[in-house]
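K.L.:
Take a look at the following structure, please.
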2 protein chains.
Amino acid sequence: MSDRSRPTLATVAARAAVAPSTASLVFAGSDRVAPATRDRVLAAAADLGYAGPDPVARSLRSRRSGVVGAVIGDRLAHAFSDPVSVQLLDGVTEVLSPLGVGLLLLPGDADRHGPTLAQLAHVPLDAVVYATCGLEDDPALVHLQRRGVPVVAVDGPCVDDVVFVGIPDRRGTAELAGHLADLGHRRVAVVTLPLRLDGTRGLVGAARRAGTHHRTVRERTLGVEDTFGPVPAWETAANAVEEGERAGRQLLDVPAGGRPTAVVAQSDVLAAGVLRAADSLGLRVPEDVSVAGFDGAELPWLPPVRLTTVVQPTTEKGRVVGRAVTDLVAGRRPDDVVLDVHLSVGTTTGPPPPS
Amino acid sequence: MSDRSRPTLATVAARAAVAPSTASLVFAGSDRVAPATRDRVLAAAADLGYAGPDPVARSLRSRRSGVVGAVIGDRLAHAFSDPVSVQLLDGVTEVLSPLGVGLLLLPGDADRHGPTLAQLAHVPLDAVVYATCGLEDDPALVHLQRRGVPVVAVDGPCVDDVVFVGIPDRRGTAELAGHLADLGHRRVAVVTLPLRLDGTRGLVGAARRAGTHHRTVRERTLGVEDTFGPVPAWETAANAVEEGERAGRQLLDVPAGGRPTAVVAQSDVLAAGVLRAADSLGLRVPEDVSVAGFDGAELPWLPPVRLTTVVQPTTEKGRVVGRAVTDLVAGRRPDDVVLDVHLSVGTTTGPPPPS
DNA sequence: GACGGTAGTCGAATCGATTCGATAAGGTGA
DNA sequence: TCACCTTATCGAATCGATTCGACTACCGTC
């Protein structure tokens, strides 16, 4: 009998001998209801084990579901092995949770780099955040815009009617490159994040470079080239320690004469991998090779070294996203936001070895 | 005019000169519609930029929202620094995503160890997974049961009408303890996960041990005591590398005579911290002290050591949870599941130092 | 004592779809 | 030619709440 038919607002109203509309007012917390009436309704609700208005029915009228989607461009286990993604979402929920809004994970899988249309189509969404991915030609994005779901993109894609929240990636790496140049480095190599999530690994050629790909990767590469001109860029297949190590081994396992004296990784996680590669090749950091990262991520397992990196305010970025979402849901159109970054010099960069 | 009023099924039906019910049939993919009619409806939808039936309205009738909540007993940044949580949810989404069901994050914050009632009350949920927490006396749990939302609990809480998915924690650590005993260890200490998320740290006294707390902690401690009898247990405030290091330093920074010859951490992340502590104290592992963990987590940054640990099938556990959720939503009541674990002996345990 | 005002409650329309029984059109067999 | 069956479409009720205009007392005021 219990889950046979759960009580509805109408049931409660009937038991309290009031109209459904009055009962509704009670649960909405209106002050236009007489205290005696309110108590009667609440008592009836308690008697019947009524847990409050059905969220779905409420959403139908109010045009709000309290659900915000987070598009993750990979399977969770991969995306969340990067503390940056996690911190970002942490900032988002910090703002959204108190408003009674939850974050719905929309991960991709091994093949697709985002949710399927079938997934998106069936879920009630007030807004969507592109959290860790974002190519301009995403079919899911088109679907969302057609449905009128507002979108916030973190670091891309840059599209009309999508609120952008990002950082000056290019200026950040440019600053880092300046630091390396000042130290005397001339032979620098870059370890890039995936240009597309298609499993490609290796030196980035002109053709691949020309294709559609992440704004982030492009900008962070350009920042280095602003100082050093064209540099070899080794693409990884994922933002993961192992991938960084693999790339590092490729770049560093060569005679000292042709070896880069500094490696700029496009994330701290990749940089951690490069450090491991250097270690396993018997190269000292920074005496034999300098290593730098990007993000300023908290990697509690990384010490004793302190990574030279470009620090971005990741959690704050998440909060900004959260506020942008709040605005959009309220019908306001927030401005794009570009947060600031700064160079943090650690113990992993130093003068190049004498040649 | 565009977001003025988005087209509805009725609009589309009118334009295609059919009844709304027929148009509905088209979008439901029914084969009882004449192909010509179907094409007309689809054409009308395309003309109007109609993106398919509104998920909220659909949910109202079908009593399904396509949203499953994941209760996280901490803020995301903390909970997801543990690869085990992430892998678990990865397994869950792996099963749920293809069914068009999404996972809604319901994190706690610094103070509360789960979502507020306000958060829960406003969100449409088909089911809820207690992913990384679970005390029996959780008010959120009561609310959910009253609302008739089915609940799956991972490793607890154990309550009526909640499907339980877990592992034989006690047998796992017992096996590990056996291994240590076989090596000759007699003085063993345990580094426990938080008994409650209240920031407490330090040696677990009788009083605290008697209070309500995590099943997991209790079982994993008992497993060790099955072999060694009462052992000192040092509680951490969070499942994090830094916490493990802190605990490790407390336990190991004593003269060799009183120092435990083996430390059993209740998670691999904590064990990693203990390893760091040993390292910074100049203790060799396993020559001076053996260290073991629990989970069999992938910590790509951990090598060159291979941690001795109790391996649980985390991703598979997530899949099992996903299937349990599927069953519950379909109205079936799945059985509780206890998955298997096995000992994996690595390079961090060995005979105790000669005394 | 008639009138304006207010506090509290109620009715009915609405949100956007789904679903099932009814119905009309068209086809078959005796 | 008529009864019967199938196929495609339609109508209307339903899911569970919200919301706003309308209505009823009841009070105070001139």
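K.L.:
Would you work out which of A:Leu144, B:Val151, A:Thr22 lies farthest towards the positive end of the dipole of the protein assembly as shown? Charges go on Cβ: Lys and Arg +1, Asp and Glu -1.
P.N.:
The residue sitting farthest along the positive end of the dipole is A:Thr22.
K.L.:
If you don't mind, there's one more thing I want to ask. How large is the charge dipole for the protein assembly as shown, taken about the Cα centre, if only the Cβ atoms of Lys, Arg (+1) and Asp, Glu (-1) carry charge, to the nearest 20 debye?
P.N.:
It comes to approximately 1900 debye.
K.L.:
Probe radius 1.4 Å, ligands and nucleic acids left out: which of A:Glu245, B:Glu316, A:Glu298 has the largest accessible area, and how do the rest follow?
P.N.:
Descending accessible area places them as A:Glu298, B:Glu316, A:Glu245.
K.L.:
Sticking with this structure for a sec: Roughly how many Å² of B:Ser21 are accessible to a 1.4 Å probe, to the nearest 10?
P.N.:
Only protein atoms counted, so the area is about 80 Å².
K.L.:
Give me the Kirkwood hydrodynamic radius of the stretch B:9-53, using the inverse of the mean 1/r over all pairs of distinct Cα atoms, in Å to one decimal.
P.N.:
One over the average 1/r among Cα pairs gives 9.9 Å for the stretch B:9-53.
K.L.:
Which value, in Å³ per residue, describes the convex hull spanned by the Cα atoms of the stretch A:169-312?
P.N.:
102
K.L.:
To the nearest 20 debye, what is the magnitude of the charge dipole of the stretch A:270-355 about its Cα centre, counting +1 on the Cβ of each Lys and Arg and -1 on the Cβ of each Asp and Glu?
P.N.:
With Lys and Arg at +1 and Asp and Glu at -1, about 200 debye.
K.L.:
Buried accessible area for the A:B pair, summed, 1.4 Å probe, in Å² rounded to 100?
P.N.:
Summing both sides, the interface buries roughly 4500 Å².
K.L.:
Now for a different question. Which order do A:Glu94, A:Glu225 take by accessible area at a 1.4 Å probe, largest first?
P.N.:
The residues order as A:Glu94, A:Glu225, largest area first.
K.L.:
Enter the accessible area of B:Ser5 (Å², nearest 10), with the probe set to 1.4 Å and all protein chains included.
P.N.:
Rounded to the nearest 10, that gives 80 Å².
K.L.:
Using only atoms on other chains, find how many Cβ atoms lie within 10 Å of each Cβ of peptide A:117-127 and report the average.
P.N.:
Mean shielding by partner chains, rounded to a whole number: 6.
K.L.:
Right, here's the next one. Diagonalise the Cα gyration tensor of chain A and give the resulting equivalent ellipsoid semi-axes, square root of 5 times each eigenvalue, largest first, whole Å.
P.N.:
52, 19, 17
K.L.:
Ordered by residue, what ³J(HN,Hα) values in Hz, to whole numbers, does the stretch A:144-153 give under the Karplus form 6.51 cos²θ - 1.76 cosθ + 1.60, where θ = phi - 60° and Gly and Pro are x?
P.N.:
4, 5, 5, 6, x, 8, x, 10, 10, 10
K.L.:
Work from the charge dipole of the protein assembly as shown (Cβ charges, +1 for Lys and Arg, -1 for Asp and Glu, about the Cα centre) and give the residue of B:Val329, A:Pro168, B:Leu302 farthest towards its positive end.
P.N.:
In the protein assembly as shown, that residue is B:Val329.
K.L.:
Okay, moving on. How large is the dipole of chain B about the Cα centre if only Lys and Arg carry +1 and Asp and Glu carry -1, each at its Cβ, rounded to the nearest 20 debye?
P.N.:
I would put it at about 980 debye.
K.L.:
While we're here: With every protein chain left in place, what is the accessible area of A:Leu222 in Å² (1.4 Å probe, nearest 10)?
P.N.:
Spelled out: A:Leu222, probe radius 1.4 Å, area about 50 Å².
K.L.:
Continuing with this model, one more query. Leaving ligands and nucleic acids out of the surface, order A:Thr200, B:Thr236 by accessible area at 1.4 Å, largest first.
P.N.:
From most accessible down to least: A:Thr200, B:Thr236.
K.L.:
Separate question: If you take the charge dipole of chain B about its Cα centre, with +1 on Lys and Arg Cβ and -1 on Asp and Glu Cβ, which of B:Pro230, B:Pro115, B:Leu203 is farthest toward its positive end?
P.N.:
B:Pro115
K.L.:
Using Cα springs under 10 Å in a Gaussian network model of chain B, which residue among B:Pro334, B:Pro194, B:Pro300 shows the largest mean-square fluctuation?
P.N.:
B:Pro300
K.L.:
To the nearest 10 degrees, how steeply does helix A:268-280 sit against the main Cα axis of chain A, on a 0 to 90 scale?
P.N.:
40
K.L.:
Can you tell me the accessible area per residue over chain A, all protein chains present, probe 1.4 angstrom, in square angstrom?
P.N.:
On a per-residue basis, 42 Å².
K.L.:
How large is ³J(HN,Hα), in whole Hz, for each residue of the stretch B:186-191 in order, when computed from phi with the Karplus curve 6.51 cos²θ - 1.76 cosθ + 1.60 and θ = phi - 60°, using x for Gly and Pro?
P.N.:
Taking θ as phi minus 60°, the curve returns 10, 9, 10, 10, 10, 9 Hz for the stretch B:186-191.
K.L.:
How much of the accessible area of chain A, probe 1.4 Å, is carbon plus sulfur, in whole percent?
P.N.:
That fraction is 53 percent.
K.L.:
Here's something else I'd like to know. How many Cβ atoms of partner chains, on average, are near each residue of B:77-85 if near means within 10 Å of its Cβ?
P.N.:
Counting other chains' Cβ atoms within 10 Å and averaging over B:77-85 gives 4.
K.L.:
With angles folded into 0 to 90 degrees, how steeply does helix A:215-228 sit against the dominant principal axis of chain A? Use alpha carbons for both and round to 10.
P.N.:
30
K.L.:
Once R0 is set to 60 Å, what does the formula 1/(1 + (r/R0)^6) return for the Cβ-Cβ distance between B:Arg187 and B:Arg332, expressed as a FRET efficiency to the nearest 0.05?
P.N.:
Using R0 = 60 Å, I get an efficiency of 0.75.
K.L.:
Could you work out how far helix B:35-48 tilts from the main Cα principal axis of chain B, as a 0 to 90 degree angle to the nearest 10?
P.N.:
Approximately 70 degrees, to the nearest 10.
K.L.:
When all C-alpha to C-alpha distances in the stretch B:250-328 are sorted into bins of 10 Å, what percent of pairs does each bin hold, rounded to whole numbers?
P.N.:
In order of increasing distance, the bins hold 17, 42, 21, 12, 7, 1 percent.
K.L.:
Also: On average over all directions, what projected area in square nanometres does the protein assembly as shown have, based on the convex hull of its Cα atoms?
P.N.:
35.4
The values are calculated or read from the model by the stated rules, or taken from the named source; none is laboratory data. No experiment lies behind these values; they were computed from the predicted model shown. So basically every Cβ, Gly included, is an ideal-geometry build from the backbone, and we count neighbours across all protein chains shown. Each accessible area value is taken on the protein alone, full model and side chains, heavy atoms only, with ligands, DNA and RNA left out. Shrake-Rupley method; radii C 1.70, N 1.55, O 1.52, S 1.80 Å.
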